[in-house]
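The values are calculated or read from the model by the stated rules, or taken from the named source; none is laboratory data. As the structure is a computational prediction, the values presented were derived from the model and not from experiment. Cβ sites come from the backbone with ideal geometry, for glycine too, and all protein chains shown count toward neighbours. These accessible areas exclude ligands, DNA and RNA; they are computed on the full protein's heavy atoms, side chains included. Shrake-Rupley method; radii C 1.70, N 1.55, O 1.52, S 1.80 Å.
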Amino acid sequence: MGPRPSWRTGSAQDTLTVCLVVPLRGPAGILGPSCEASALLAVDELNAAGGILGREVRLLVVDGGAPPGHVAAEVEALVSLGAVDAVVGWHISAVRRALAPRIADRVPYVYTAQYEGGERTPGVFLTGETDTAQLLPAMRLLAEATGARRWCTVGNDYVWPRVTARAARRCARAAGGRVLAEAFVPLGTEEFGPVLRRIERSAADAVLMLLVGEDAVRFSRAFTAHGLHGRCQRLSTHLDENMLLAAGADATEGLWAAAGFFETLATAESLDFGRRYARRFGVEAPVVGSLGESCFEGLRLLAALAGRARSLDVRAMRAAADEVAYEGPRGPVRLRGNHLEQRLYLARADAFAFDVVAQL
């Protein structure tokens, strides 16, 4: 991808600097290259079309894989210095919760991750899928396709998995099933033996995976080595092709994902995006799935908001939000309140790719 973008190489009046907060370390670091490449493609295309509000867009990358308080302090300092005009990025909900109160009423903040829902901080705009839209239809379709109705939830121990687990109990009941057990592990967990034995002792025939990045990779490998793939389906709302590659083909049997984008999504918009991405970065580029592509959406949404509001002022953007709509790799999308409405899909892992089986 070449050298990482820097800021302020032109005059402040001519450039619009976006702080891109993506993980470069920790369990989610596996997603960072895809996130950054997708954001760079969005910047290239925006600048080719005249930038945002007539200003050339530049990126300043901040490591969103650092401890949440450190990320929030670094980004807040950049905002206070006037070094950045907006914040965009994929990072875990713990980072968003630390960061949003410190910057969101000062500069626009576009959060691109799939998340637990419920974010209402003024100035935060969200492109990611929410659990309320994904879980119930995905669980129903999985029950119809495989008969899976007895669930066990396995997640990292922080806000997104905890809140999602509560939603999963309701969704499982509505889909004619129930959650039998829940287990939460620290970020960076490497040993899943106790969790696997708990699943084995239960009568579960499905596992809801709420694990981040490399934690999901290690869990999938251990799950298969333990022989549970022959008995249990797995569903994740946080899973992309980079994680399939890292897990290996043998670890993806019976693995399902719900998301608004997949690399193999056969729509005109997604296929065109794939061609542009490959032309920009070549065949050895990071695979771009829903998690990485979300950063492309984040830059596109920022541009659409600024264009409609004719300003980067947070209050002007909030007033204009319900008028924002555009077509991107995920197809036609529209803001409702501060959330992006989009199509959602259920896909089944097939070795290193996804087979999209239904629209939710």
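Annotation: A148 fulfils all but one of (1) surrounded by 19 or more Cβ atoms within 10 Å (Cβ to Cβ); (2) within 21 Å of the chain's Cα centre (by Cα); the unmet one is (2).
Condition check ((1) under 23 Å from L245 (Cα atoms); (2) in contact with a helix residue (DSSP H, G or I) (Cβ under 7 Å, 6 or more places away or on another chain); (3) in contact (Cβ under 8 Å) with a residue 24 or more places away in the chain) across all residues:
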site	(1), (2), (3)
A316	no, yes, no
D322	no, no, no
E327	no, yes, yes
R343	no, no, yes
L360	no, yes, yes
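Here A133, A66, A113, A94 are screened, and the one residue that is in a loop (DSSP other than H, G, I, E, B) and within 23 Å of R166 (Cβ to Cβ) is A113. Within segment 51-72, the residues that satisfy the criterion of being open to solvent by less than 50 Å² (accessible area, probe 1.4 Å) and under 14 Å from L299 (Cα atoms) are G51, I52, V57, R58, L59, L60, V61.
Here is a yes/no grid of residues against (1) at pLDDT below 95; (2) hydrophobic (A, V, I, L, M, F, W, C); (3) more than 24 Å from E119 (Cα to Cα):
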position: A145; (1), (2), (3): yes, yes, yes
position: R150; (1), (2), (3): no, no, yes
position: R162; (1), (2), (3): no, no, no
position: A183; (1), (2), (3): no, yes, yes
position: V195; (1), (2), (3): no, yes, yes
position: S202; (1), (2), (3): yes, no, yes
position: V207; (1), (2), (3): no, yes, yes
position: S220; (1), (2), (3): no, no, yes
position: R231; (1), (2), (3): yes, no, yes
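Screening R334 against (1) at pLDDT 95 or above; (2) open to solvent by less than 10 Å² (accessible area, probe 1.4 Å); (3) not aliphatic (A, V, I, L, M) leaves a single unmet condition, (2). Have a look at A258, A268, A347, A285 and point out the one that is over 21 Å from W90 (Cα atoms) and in contact (Cβ under 8 Å) with a residue 12 or more places away in the chain. Criteria check complete, one pass: A347. Among the residues making up segment 222-240, those that are surrounded by 17 or more Cβ atoms within 10 Å (Cβ to Cβ), part of a helix (DSSP H, G or I) and not aliphatic (A, V, I, L, M) are F223, T224, H229.
Per-residue answers, yes or no, for (1) within 24 Å of L335 (Cβ to Cβ); (2) among the hydroxyl-bearing types (S, T, Y); (3) surrounded by 19 or more Cβ atoms within 10 Å (Cβ to Cβ):
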| site | (1), (2), (3) |
| --- | --- |
| T127 | yes, yes, yes |
| T130 | yes, yes, yes |
| V179 | no, no, yes |
| G193 | no, no, no |
| A203 | no, no, no |
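State yes or no: is R166 surrounded by fewer than 23 Cβ atoms within 10 Å (Cβ to Cβ) and either touching a strand residue (DSSP E or B) at 6+ places or on another chain (Cβ under 9 Å) or in contact (Cβ under 8 Å) with a residue 24 or more places away in the chain (or both)?
Values: surrounded by fewer than 23 Cβ atoms within 10 Å (Cβ to Cβ): yes; either touching a strand residue (DSSP E or B) at 6+ places or on another chain (Cβ under 9 Å) or in contact (Cβ under 8 Å) with a residue 24 or more places away in the chain (or both): no.
Against the criterion (surrounded by fewer than 23 Cβ atoms within 10 Å (Cβ to Cβ) and either touching a strand residue (DSSP E or B) at 6+ places or on another chain (Cβ under 9 Å) or in contact (Cβ under 8 Å) with a residue 24 or more places away in the chain (or both)), R166 does not qualify.
In the set V75, V110, V87, only one residue is crowded, with 24+ Cβ neighbours inside 10 Å, modelled with pLDDT of 95 or more and touching a Pro at 6+ places or on another chain (Cβ under 8 Å); that residue is V87. Out of segment 185-207, which residues are touching a residue at least 60 places away in the same chain (Cβ under 8 Å) and either assigned to a helix (DSSP H, G or I) or under 19 Å from the mean Cα position of the chain (by Cα) (or both)? Answer for segment 185-207, where residues must be touching a residue at least 60 places away in the same chain (Cβ under 8 Å) and either assigned to a helix (DSSP H, G or I) or under 19 Å from the mean Cα position of the chain (by Cα) (or both): L187, G188.
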